[in-house]
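Enquirer: Right, I'll just put the structure down here and ask away after.
The values are calculated or read from the model by the stated rules, or taken from the named source; none is laboratory data. On a predicted model such as this, the values are computed, not experimentally measured, just so you know. Note: ideal-geometry Cβ built from the backbone for every residue, glycine included; neighbour counts use all protein chains shown.
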Amino acid sequence: MASDEVREQALAWAVRAGDPAFADWNGFMLWLETDPEHARAYDEVAAGVVDATDLIAAAAPANDDVAEAVPGRRRPWFLGGIAALLAVVAATWVLQAERRDLYTIETATGETRVVALDSGTHVTLAGGSALAFDRKDTRFARLDHGQALFTVRHDAAHPFQVAVGDERLVDVGTVFDVRHDGKELIVAVSEGAVQFNPGDADVRISAGEMLRHTQGSANAVLSRVPVEQIGEWREGRLTFETASLDEVAAQLKRATGIDYAAHGSGTVSGSILTAPLRKDPAQLGPLLGVSVRAEGGRWVIGAR
């Protein structure tokens with residue numbers, strides 16, 4: 001059986017192809033030929049539509065007063081309503097997705113936790129993070145907020161999927177880091193590759209690459225990142241490259257449990273160990289070249 005992600009893609013193509021104005025047949029054929037699973041998923045959609053039309057036709061009242069458009073052939077009353085029927089099928093799949101048996105694991109700021117899933121697959125949660133897993137499907141996770149490093153055993157027949165809001169990540173034999181702060185999603189890959197929103201934006205993130213995407217934006221920006229920096233927070237190190245003060249404060253708080261906050265604008269570059277900050281949060285100043293002051297139980301950082 002096709003994965004939920006591929007079935008969603010098949011449904012999207014079916015709805016588009018059912019529109020009389022549809023013209024992207026080359027794109028449709030390319031999608032079908034990319035993976036045998038795509039064709040199987042599309043067959044499932046078609047079968048669902050046929051089942052739905054049979055049920056509707058069986059329940060529909062006969063109308064002998066309507067003249068047949070073609071002699072010898074009865075024109076279905078629902079002709080032209082394929083999109084609506086597909087919507088019924090889509091709603092069914094949505095209900096199936098809502099039946100996921102999810103449980104959530106959360107970490108406090110300054111805490112890390114490792115969650116073992118199927119053989120060869122585990123997830124390391126950074127501090128201040130919330131990640132939902134499915135008791136019925138160990139190949140699915142949903143990052144609600146925070147950061148996690150995924151070490152995934154690749155299975156082409158059942159790829160690991162990560163949901164982040166409306167976005168989807170699908171592994172291609174992978175070790176990858178995902179951070180979700182507010183409206184920003186950051187994905188960095190150290191081994192293998194990840195597909196970002198397959199069937200839509202469909203951006204491939206390869207080893208040594210990082211993707212940044214802001215919710216509501218049509219663009220996803222790829223850049224290079226040293227592989228050794230990906231997931232280094234597990235070892236108590238953070239590296240910043242022209243990072244905003246807000247981003248620095250958020251990552252520091254997550255890693256140390258210390259309530260850092262940003263004031264003003266500016267960017268920061270540098271690499272630090274977080275352990276010394278637990279003893280003296282003010283050490284951040286000379287290490288990153290920022291101002292640090294205690295204020296109402298918080299440590300406020302700003303540009304010098």
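Enquirer: Could you run through the stretch 200-239 and say how many residues are within 25 Å of Thr121 (Cα to Cα) and not in a strand (DSSP E or B)?
Expert: 15
Enquirer: Looking only at the stretch 95-119, count every residue that is of a type outside the set (D, E, K, R) and assigned to a strand (DSSP E or B) and tell me the total. Before you say what the answer is, go through the steps one by one.
Expert: Residues of the stretch 95-119 that are of a type outside the set (D, E, K, R), as a first pass: 95-97, 102-105, 107-110, 112, 114-117, 119.
Of the ones still in play, those that are also assigned to a strand (DSSP E or B) are 102-105, 114-116.
The qualifying residues number 7.
Enquirer: Here's a follow-up. Can you find even one residue in the stretch 215-234 that is in contact with a helix residue (DSSP H, G or I) (Cβ under 6 Å, 6 or more places away or on another chain) and closer than 18 Å to Ala130 by Cβ?
Expert: Filtering the stretch 215-234 for residues in contact with a helix residue (DSSP H, G or I) (Cβ under 6 Å, 6 or more places away or on another chain) gives 233.
In the following step, the residues that additionally are closer than 18 Å to Ala130 by Cβ were identified as 233.
Looking through the stretch 215-234, at least one residue is in contact with a helix residue (DSSP H, G or I) (Cβ under 6 Å, 6 or more places away or on another chain) and closer than 18 Å to Ala130 by Cβ.
Enquirer: Also, I was wondering about something else. If I ask for residues that are in contact (Cβ under 8 Å) with a residue 12 or more places away in the chain, on the phi > 0 side of the Ramachandran plot and not in a strand (DSSP E or B), which ones from the stretch 269-304 would you list?
Expert: Listed by number, the residues that qualify are Gly289, Gly297.
Enquirer: Select from the stretch 120-151 the residues that are in a loop (DSSP other than H, G, I, E, B), closer than 20 Å to Glu191 by Cβ and touching a residue at least 40 places away in the same chain (Cβ under 8 Å) and list them in ascending order.
Expert: Residue satisfying the conditions is Ala126 alone.
Enquirer: Could I ask something else about it? For Pro286, which of the numbered conditions (1) loosely packed, with under 14 Cβ neighbours inside 10 Å; (2) in contact with a Pro (Cβ under 8 Å, 6 or more places away or on another chain) fails to hold?
Expert: Checking Pro286 against (1) loosely packed, with under 14 Cβ neighbours inside 10 Å; (2) in contact with a Pro (Cβ under 8 Å, 6 or more places away or on another chain), the one that fails is (2).
Matching residues to (1) modelled with pLDDT under 95; (2) among the aliphatic types (A, V, I, L, M):
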| site | (1), (2) |
| --- | --- |
| Arg234 | no, no |
| Phe240 | no, no |
| Lys253 | no, no |
| Thr256 | no, no |
| Gly264 | yes, no |
| Ser269 | no, no |
| Ile272 | no, yes |
| Pro281 | no, no |
| Gly297 | yes, no |
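Enquirer: Only one of these is surrounded by fewer than 15 Cβ atoms within 10 Å (Cβ to Cβ), free of Cβ contacts under 8 Å to residues at least 24 places away in the same chain, acidic (Asp, Glu) and out of contact with any Cys (no Cβ under 7 Å at 6 or more places or on another chain): Asp166, Asp202. Name it. Before you say what the answer is, go through the steps one by one.
Expert: Values: Asp166 fails: free of Cβ contacts under 8 Å to residues at least 24 places away in the same chain.
Result: Asp202 is the single residue among Asp166, Asp202 that is surrounded by fewer than 15 Cβ atoms within 10 Å (Cβ to Cβ), free of Cβ contacts under 8 Å to residues at least 24 places away in the same chain, acidic (Asp, Glu) and out of contact with any Cys (no Cβ under 7 Å at 6 or more places or on another chain).
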